[in-house]
């Protein structure tokens, strides 16, 4: 282990960052959705990066304000080494990576910039150089906060081209328009049971038949056994069906993104909606019934949020502090998410009709966030390398 003097030593600043881009670490916990967002941003920046895998342990369950800038929440022996030379930039997502990112900056003598993604890790924007959160998370405005319409992702033209080559033989002969049905499952806000799954199958079959097209279908980990059976039983003349299992050796998801002409996506699926809406193809959001438990549990948090945004009096300041420090976290409102996608032209609400004239506007959130990250270096530092 490095000595205290070596660990706390300030690293020499890089004056010629245009030729020598920032040294980047991406922190990865065991949540693939978090890692995908961070890698997607790193790849968009075009700078070389090092993936640091973190193995979390029980102290990571503590509140981040109790952990502070510490790596107590990770098993250092089973995680990637975190040691000098320290990075110029840390990109991370998720609540459990935030204390580690702050610890790295502390060890680097304050020279490391932190870009934190997501509502749980980036709730207190003051602690980071840039906090990136979807607007439907309803966190409070801050000069260091960037609000985006949808979570970041790593779907790129290169990944799609590779998927197109791999799946063209199996999917390319399907009748057009090819409609990909991407199904999530029950979430904190919505319920997707057998009855809804059966109705979803019937609605998409009718949509496909009305336009003479074909359907690709994939289920997901969150879709229960009864709902999976109801959905798959209701699909008629499906061109391709992928039933998710933990032992599946291949997944056609990227092939669907590359080769489908349009998408029907259940409203619970933040990541799938984000990725599909980046393609500039028609996306139809299939509405799901809201769970009664969500309405009950979100009511007190909504009351705190409404008081905070009112800006009136001492109580509003207290409520703002509770949200900014992460002690009260507003519920994600995915209805707002869907409305935002519709407002910018990236998606439509499912109405059972395929519109061949529908020209969707692709989301460019990753590019906008990457521009803000580059702006953290005031002299044009860290010009993107060619991919």
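The values are calculated or read from the model by the stated rules, or taken from the named source; none is laboratory data. For clarity, every value in this text was computed on a predicted model and none was experimentally measured. Don't worry about glycine lacking a Cβ; one is built from the backbone with ideal geometry, like all the others, and counts go over all protein chains shown.
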Quiz item: Can you pull out the residues in the range 200-223 that are buried (at least 16 other Cβ atoms within 10 Å of the Cβ) and touching a residue at least 60 places away in the same chain (Cβ under 8 Å)?
Solution: 200, 203, 204, 207, 208, 211, 213
Quiz prompt | Candidates 138, 165, filtered to the one that is out of contact with any strand residue (DSSP E or B) (no Cβ under 6 Å at 6 or more places or on another chain) and modelled with pLDDT of 95 or more | solution = 165
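Residue-by-condition table, conditions (1) surrounded by fewer than 17 Cβ atoms within 10 Å (Cβ to Cβ); (2) closer than 22 Å to residue 165 by Cα; (3) at pLDDT below 95:
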position	(1), (2), (3)
238	no, yes, yes
251	yes, yes, yes
255	no, yes, no
263	no, yes, no
Quiz item: Is there any pair linking a residue in the range 185-199 that is touching a residue at least 60 places away in the same chain (Cβ under 8 Å) to one that is part of a strand (DSSP E or B), with Cβ under 8 Å and at least six apart or on different chains, and which?
Solution: 185/266; 189/290; 190/266; 190/290; 191/290; 192/266
Quiz item: Looking at the range 110-117, is at least one residue at pLDDT below 95 and crowded, with 23+ Cβ neighbours inside 10 Å?
Solution: no
Quiz prompt | Matching strands (runs of 3 or more DSSP E) fully within the range 117-231 where at least 3 residues are within 22 Å of residue 371 (Cβ to Cβ) | solution = 130-134, 145-148
Quiz item: Does residue 192 qualify as being in contact with a helix residue (DSSP H, G or I) (Cβ under 8 Å, 6 or more places away or on another chain), surrounded by 14 or more Cβ atoms within 10 Å (Cβ to Cβ) and more than 21 Å from residue 255 (Cα to Cα)?
Solution: yes
Exercise. Name the residue, out of 126, 154, 144, that is surrounded by fewer than 22 Cβ atoms within 10 Å (Cβ to Cβ) and more than 20 Å from residue 364 (Cα to Cα).
Key: 126
